[in-house]
Every structure is written in structure tokens, then in C-alpha cells.
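All remarks here apply to the structure that follows.
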Amino acid sequence: MNKIGFIGGGKMATAIIKGIINSNWCSCENIFVSDKNTEALEVLKKEYKVSTTQNNFEVIKNANIILFAVKPFILKDVLNEIKPFLTDKHIIFSIAAGVSINSIEEIVENLPVIRIMPNTPALVNEGMSAICKGTFANDEHAQIALDIFNNVGKVIKADEKYIDIITAISGSGPAFYYYVINEIAKAGEKLGLDYETCLKLSAQTALGSAKMIMETNVSPEQLIINVTTPGGCTAVGNDVLKENNTSDILFDTIKNTAQKAHELGKN
């Protein structure tokens, strides 16, 4: 039976814990969490009945799957700290952005490593995660990661060489969608409708539109055609988007974000 330990008990770790408990993938008795923040640990213990500690070694001792949910800039220090306590029974999962599999393997050596890029909608079970296998990870290890992250949304397998693009699209992507949703709502407010109503209209329309893409297998291009009457309201709006080079703006947004992710990964 797999026992999972979390080094770091922040929001993303909490979302994953909630998902795996609700799905019965793992019972609360087999989940262990360490964090320096005692308040975060108290919440996790009270809400999810998991075992909590401020001692990372307790997690290593009790769990075989170790998921690192710490800030990227401290991950290597934490790995070096717990390295003497790792055994060949352990599997290393990391959700630390910008920290390569190779840099983790340099510390944990021949242990299986899976790198995961999740995103914040995992907090409402609508996350999008990508998993990348390390040198010593096999399909069984990857399947464990798929099972875990399927409990907080959707998940794909990916080659790590694409991780910067994935970071830009789905890791940072929620912020870009929030921006568009909010700007559409503010436009409605400027035209006279109250903001709260506009935000609800905009957000639900975004949610419904995304579900149309995910569930109908109809291309976005065809869905646009389906909504658009030639010479009608939508056609006028589409023309504004095209005339203002919206596609170029979005391309630059993703390109620059991916480049930044690449730079962070080299540090």
C-alpha cells in the first residue's frame, strides 16, 4: 500500500490532499505532512485528519511517496537535508516550478523522480497538470502520479523539454484567463451594467466555452463559426479582435512567459 508524504503543506499540497482523500485513492491514515507553519498543519490535521509534523524526517520515515511542495529556491537545501534518510523504497515527486529533474537526480541519485507542473485551479478540482518522468522512473511510477493528479483535475504525460511551454500555457495561464474575464466584465460595467453581474456573466461564459471545447470534440475554429452570424453582433466583435492583432499579443504573452520559465530553470 502506498503511503504519501508531503514536504510542504501549502495551498497546492492541501488541494492534492483533499482530492486524494475525497476520491478514496489514499486514506488519511496514510498521509503525512511536514511544514514549518504550525497554523497550516493545524488546519490540515483538523480538516483532513492527516498526520502532521514540523520534522521532515518523520515524513520520510513513514511514507514511500515523497511529494515536495516547497518553494523552488529551498528545494535543493531540503533534498540535501533529507538525503541520508532516503532509501530505494522512496519515489520522489516535485511540483517545484523551475527545478529540473536532472538537478533533483544529482542529489537523490538513482531514485525515481517525477516532476509535475500543476496549476492553481486544482484548488477547485479543475486543475491541469503535466507529469514528466525522470531517468530512473518507470511507467508504474508515472501511473501513480497520473492517479494522484487526476483527483484534482486533468493530467497529461509530457517530455520535460516542453515544460517551459507547459508552464506558460497552464501554469501561468490561469492569470491570463483571469485578466481576460475581468476585462470583459469591466467593459460591461463601463457600458452601464453592475460589475458583479458582468463578472458572473463573463466567468460563467468562459467556463461554458471551455467545457464546449473539452466535451464536444469540435475545434475552437468551428465553434467560433457556430456562434457567429455573418454581419451579426459576434462578427463585429471578432473583427475587433483581429484588427487589434490579439493573436500576436497572446503569442508574445506565452512566448515571453516560456522564456522566463526557461531562465528560472537554469538558475
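Per residue, how many Å² of accessible area does the stretch 203-267 show with a 1.4 Å probe?
Values: 5160 Å² over 65 residues.
Heavy-atom SASA per residue in the stretch 203-267 reads 79 Å².
Considering only protein heavy atoms and a probe of 1.4 Å, how much of the accessible area of the chain is carbon and sulfur, as a whole percent? Don't skip to the end; give the middle numbers.
Working: 8760 of 15620 Å².
The computed percentage sits at 56.
What FRET efficiency would be calculated for the residue pair Glu243, Asn217, taking the C-beta separation as r and a Förster radius of 22 Å, to the nearest 0.05?
0.10
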Euclidean distance of C-alpha centroids, the stretch 24-60 and the stretch 84-149, integer Å: 19
Cut-off 15 Å between beta-carbons: net charge of the residues surrounding Met117, Lys and Arg +1, Asp and Glu -1: +3
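What is the sum of charges around Glu106, taking Lys and Arg as +1, Asp and Glu as -1, for the other residues whose C-beta is under 13 Å from the C-beta of Glu106? The partial results should precede the final answer.
Details: positive: Lys76, Lys83; negative: Glu105, Glu109.
Once positives and negatives cancel, what remains is 0.
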Distance (nanometres) between label positions extended 7 Å along Cα→Cβ at Ile156 and Lys49: 3.8
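What accessible area per residue comes out for the stretch 29-114, rounded to a whole number of Å², with a 1.4 Å probe? If you can, show how the numbers build up before the last one.
Values: 4330 Å² over 86 residues.
For the stretch 29-114, the per-residue accessible area is 50 Å².
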Inter-site label distance for Thr229 and Asp147 at 7 Å from Cα along Cβ, in nm: 5.3
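Given R₀ = 30 Å, what would the calculated FRET efficiency be for Tyr178 paired with Ile74, taking r from the Cβ atoms and rounding to 0.05?
On the way: r = 27 Å, r/R0 = 0.91.
Efficiency computed from Cβ-Cβ geometry: 0.65.
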For the chain, with +1 on Lys and Arg beta carbons and -1 on Asp and Glu, the positive-most of Asn226, Tyr48, Ala206 along the dipole: Tyr48
Antiparallel DSSP beta bridges within the chain, percent to nearest 5: 15
Computed E for Gln259/Glu42 - FRET, C-beta separation, R0 30 angstrom, nearest 0.05: 0.15
Charge dipole (debye, nearest 20) of the stretch 1-151; +1 at Cβ of Lys and Arg, -1 at Cβ of Asp and Glu: 240
Among Glu196, Glu221, Glu58: highest mean-square fluctuation, GNM of the chain, C-alpha pairs under 10 Å: Glu221
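Counting helices only, and only those DSSP H runs with n ≥ 4, report the 222 nm mean residue ellipticity of the chain as the sum of -39,500 (n - 2.57) divided by its residues, in deg cm²/dmol to the nearest 500. Walk me through the intermediate numbers first.
Values: 12 runs with 145 residues, N = 267.
Rounded to the nearest 500, it is -17000 deg cm²/dmol.
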Among [x] 19.7; [y] 20.5; [z] 18.0, the entry derived from the coordinates for Kirkwood radius over Cα pairs in Å: [y]
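To the nearest 20 debye, what charge dipole does the chain have about its Cα centre, counting +1 at the Cβ of each Lys and Arg and -1 at the Cβ of each Asp and Glu? Before the final figure, lay out each step's value.
Numbers: 25 positive and 30 negative charges, 84 e Å.
So the magnitude is around 400 debye.
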Derived scalar couplings ³J(HN,Hα) [the stretch 256-266; Karplus, 6.51 cos²θ - 1.76 cosθ + 1.60; whole Hz; x for Gly, Pro]: 5, 5, 5, 5, 5, 4, 5, 5, 5, x, 7
Intensity falloff of the stretch 73-135 expressed as log10 I(q)/I(0), Debye formula with alpha-carbon point scatterers, at q = 0.18, 0.21, 0.28 Å⁻¹: -0.67, -0.84, -1.21
Percent RCO, i.e. relative contact order, over the chain, from Cα pairs under 8 Å lying at least 6 residues apart: 14
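The values are calculated or read from the model by the stated rules, or taken from the named source; none is laboratory data. Given the structure is predicted, the values throughout are model-derived calculations rather than measurements. Reconstructed Cβ throughout: ideal geometry from the backbone, glycine too, with neighbour counts over all protein chains shown. Side chains are part of the model used for accessible areas, which takes the heavy atoms of the whole protein and leaves out ligands, DNA and RNA. Shrake-Rupley method; radii C 1.70, N 1.55, O 1.52, S 1.80 Å.
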